[in-house]
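In what follows, a single structure is set out as structure tokens and then discussed.
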């Protein structure tokens with residue numbers, strides 16, 4: 001998996017606009033690369049992964065960049081906020097862009113990344129699932145920590161929490177696609193349980209007849225053949241009636 005080194009290189013910046021805009025760029029670049037049909041990790045049996053930046057490395061690089069932004073915020077909140085040069089929105093819109101808007105733009109790109117990760121995990125791939133699964137878990141945890149720091153610093157509005165929850169949930173779905181052993185392709189979240197539930201809902205059982213005995217037609221949808229009738233055991237209720245008679 002090849003991707004521009006300039007885009008993926010984590011850089012410690014000193015203002016919110018540069019950090020959040022950089023995060024948006026990195027996540028978009030990673031989503032586009034992972035989701036490409038020509039992604040080398042999808043060449044089942046043709047690639048060994050030597051010398052190629054794998055999916056886990058790409059996800060970990062995003063996590064590191066998020067941690068860098070969190071570090072800049074925790075180190076000097078005033079500098080991180082006050083040195084941010086935010087361009088006003090172009091006319092005719094009177095809306096003024098805030099740090100919350102920049103954060104929302106960044107976190108809204110995460111579901112696209114999750115979609116690409118899910119598609120790659122459900123396809124045949126040479127990469128082992130465990131490193132990618134762990135990398136997605138680390139990114140999911142890091143997203144929540146970064147949001148918590150921003151809220152505690154009173155930098156973003158609480159409305160951004162819903163966007164973060166959506167992004168975190170999408171990453172959880174992507175993890176399922178990489179949850180199989182070795183490098184086997186995964187499935188969608190809850191697909192097996194949903195299918196089983198649907199089959200149970202559509203399955204109809206015959207109503208139990210008096211005496212607790214089902215007829216052959218009720219159970220199997222057809223009548224018994226002459227051989228089956230000859231070899232079938234005598235019903236218990238018929239034996240009881242013969243003795244009482």
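Please name all residue pairs, on different chains or six or more residues apart, with Cβ atoms under 9 Å, provided the first residue is in segment 136-148 and is outside the structural domain of residue 60 (by TED's automatic domain parsing) and closer than 11 Å to residue 66 by Cβ and the second residue is modelled with pLDDT under 95 and surrounded by 14 or more Cβ atoms within 10 Å (Cβ to Cβ).
Qualifying pairs under 9 Å: none.
Could you figure out which of (1) buried (at least 16 other Cβ atoms within 10 Å of the Cβ); (2) at pLDDT 90 or above isn't true of residue 105?
(1)
If I filter segment 120-139 for residues that are in contact with a helix residue (DSSP H, G or I) (Cβ under 9 Å, 6 or more places away or on another chain), within 18 Å of residue 24 (Cβ to Cβ) and at pLDDT 95 or above, do I get at least one hit?
Yes, that holds for at least one residue.
Select from segment 125-135 the residues that are in a helix (DSSP H, G or I) and in contact (Cβ under 8 Å) with a residue 60 or more places away in the chain and write down the one among them that is farthest from residue 167 (Cα to Cα).
Taking the candidates together, the pick is 131.
If you take the residues in segment 45-70 that are more than 22 Å from the chain's Cα centre (by Cα) and outside any helix (DSSP H, G or I), which one is modelled with the highest pLDDT?
52
The values are calculated or read from the model by the stated rules, or taken from the named source; none is laboratory data. Remember, it's a predicted structure, so these values are computed and weren't measured experimentally. Counting neighbours? That spans all protein chains shown, and the Cβs are built from the backbone with ideal geometry, glycine included.
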